[in-house]
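Below you'll find the structure, written out as structure tokens, and then a few comments.
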Amino acid sequence: MEEENLKTRVVGVDISNELTTFAIVDIRGNIIAEDSFVTTDYQDVNNFVTVLSEKIVELVEANGGYEKIRSVGISSPSASFITGSIVNAPNLPWKGVIPLAAMLRDRMGLAVAVANDSHISALGERAFGSAHGMKDFIVINLGVGLGSCFFSGGREHQGFQGFSGEFGHTCIVENGRLCGCGREGCLEAYVGAKGIIRTAQELMAESDAPSLMREEERLSPRIIKECCDKGDEMAIEVYRRTGHMFGLGLANYACIVDPQAIILTGGVSHAGKWLLEPTRESFEKHVFGNICGKVKILVSKLDDRERDVLGASALAWEVPEYSLFK
């Protein structure tokens, strides 16, 4: 009897607004090799998929060969695991519905699964991070956008079309700021990266008070955090206002889900105490009394890009195997 060729590796891909990272991951979660390229260099999605497939094949052939690869898992903003598509992503260069799983499967001849970046972050946190051993938790991806995924009873909730957890597009201010999705008053417009910068700009316009932020040619959440570290009162107020809105949104979320913990990931989560302290204060003020003081708000200890590549690899193991090369 011929011995079955067991495939012991998958490819995990993390598509972010700036960088696309891909890695070969073995069955134990070890990253064998990885590479990346700039996402926005490819404004046409067909060119992007062609380059991604070529680069994956090149990496695979240089590290053990194609016959060991079982499947591919992909993390992307605004993606649906149910359809395998990216749909109307406000911060990616490609608009409309992008059937990414089908496009890459056609080029590579392997099974491909695509899921929302927050869903992938949650898989990574459950397998390798702060949610290990938890059954009921929320993972928040706080960066350019604001996404989430929650697990209930040990299973992730995806919704009917795979778009559950769009936390950033819950309306928190009636007739508020215009969001990248085209709606007004979304939470993302206040606590996502662009929202934080806008709050800083509004504060600087409100008064002539001195601030280190005025000396910066281009503001970012990281630069504002650095101004906080230097004692800049106006920068501290930026994160106080951001934390107040964020804590209010999290309290509403927790009242519905009743999680053991809320785990924060993404670049903005690295603002440290300047964001966390007002967030926790606002959360405890607004959350339902029966769970007040009982929900942990944690910052992920994993490197964001590594976690999301590993989370994408975990997704790859879940898709039914398919290959033109068996």
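The values are calculated or read from the model by the stated rules, or taken from the named source; none is laboratory data. Given the structure is predicted, the values throughout are model-derived calculations rather than measurements. Cβ atoms come from the backbone with ideal geometry, glycine included; neighbour counts cover every protein chain shown. With ligands, DNA and RNA removed, areas are computed over all heavy atoms of the protein, side chains included. Shrake-Rupley method; radii C 1.70, N 1.55, O 1.52, S 1.80 Å.
Among the residues making up the range 277-297, a single one is under 22 Å from the mean Cα position of the chain (by Cα) and assigned to a loop (DSSP other than H, G, I, E, B): VAL295. Summed over the range 217-259, residues that are open to solvent by less than 80 Å² (accessible area, probe 1.4 Å) and free of Cβ contacts under 8 Å to residues at least 12 places away in the same chain total 3. Would you pick out the residues in the range 202-246 that are assigned to a helix (DSSP H, G or I) and either of a type in the set (Lys, Arg) or touching a His at 6+ places or on another chain (Cβ under 7 Å) (or both)? Result: ARG214, ARG222, LYS225, ARG240, ARG241.
Keeping to the range 316-326, report how many residues are farther than 15 Å from ILE24 by Cβ and at pLDDT 80 or above.
3
Working only within the range 175-190, note down all residues that are over 22 Å from PHE150 (Cα atoms) and touching a strand residue (DSSP E or B) at 6+ places or on another chain (Cβ under 8 Å). If the condition is that a residue be over 22 Å from PHE150 (Cα atoms) and touching a strand residue (DSSP E or B) at 6+ places or on another chain (Cβ under 8 Å), then ASN175, GLY176, ARG177, LEU178, CYS179, ARG183, GLU184, GLY185 are the ones that fit.
Taken as a whole, the range 317-325 holds at least one residue that is buried (at least 16 other Cβ atoms within 10 Å of the Cβ), not charged (D, E, K, R) and not in a helix (DSSP H, G or I). Screening the range 55-93 for residues that are over 21 Å from ARG183 (Cα atoms) and β-branched (Val, Ile, Thr) and picking the one that is nearest to the chain's Cα centre (by Cα) gives ILE74. Collect the residues in the range 5-44 that are part of a helix (DSSP H, G or I) and open to solvent by 20 Å² or more (accessible area, probe 1.4 Å), keeping them in residue-number order. Those that are part of a helix (DSSP H, G or I) and open to solvent by 20 Å² or more (accessible area, probe 1.4 Å): THR40, ASP41. Selection within the range 265-276: residues that are open to solvent by less than 10 Å² (accessible area, probe 1.4 Å) and assigned to a helix (DSSP H, G or I). The member of this set that is nearest to LYS230 (Cα to Cα) is ALA271. When you check PRO259 against the structure, is it part of a loop (DSSP other than H, G, I, E, B) and closer than 25 Å to PHE150 by Cβ, yes or no? Yes. I'd like the full set of residues that are at pLDDT below 95 and over 13 Å from PHE167 (Cβ atoms), limited to the range 243-267. Correct list: GLY267 only. Filtering the range 164-201 to residues that are of a type in the set (A, V, I, L, M), open to solvent by 10 Å² or more (accessible area, probe 1.4 Å) and in a loop (DSSP other than H, G, I, E, B) leaves ILE172, VAL173. For the range 117-128: of the residues being open to solvent by 20 Å² or more (accessible area, probe 1.4 Å) and not aliphatic (A, V, I, L, M), which is nearest to PHE167 (Cα to Cα)? In this case the residue turns out to be ASP117. Among the residues of this structure, VAL114 does not count as one that is open to solvent by less than 10 Å² (accessible area, probe 1.4 Å), touching a Cys at 6+ places or on another chain (Cβ under 6 Å) and not in a helix (DSSP H, G or I).
Of all residues in the range 129-146, those that are under 20 Å from ARG183 (Cβ atoms) and open to solvent by less than 10 Å² (accessible area, probe 1.4 Å) total 3. Restricting attention to the range 69-111, which residues are outside any loop (DSSP other than H, G, I, E, B), within 22 Å of TRP317 (Cβ to Cβ) and either of a type in the set (Asp, Glu) or open to solvent by 20 Å² or more (accessible area, probe 1.4 Å) (or both)? Within the range 69-111, ARG70, ALA102, MET103, ARG105, ASP106, ARG107 qualify.
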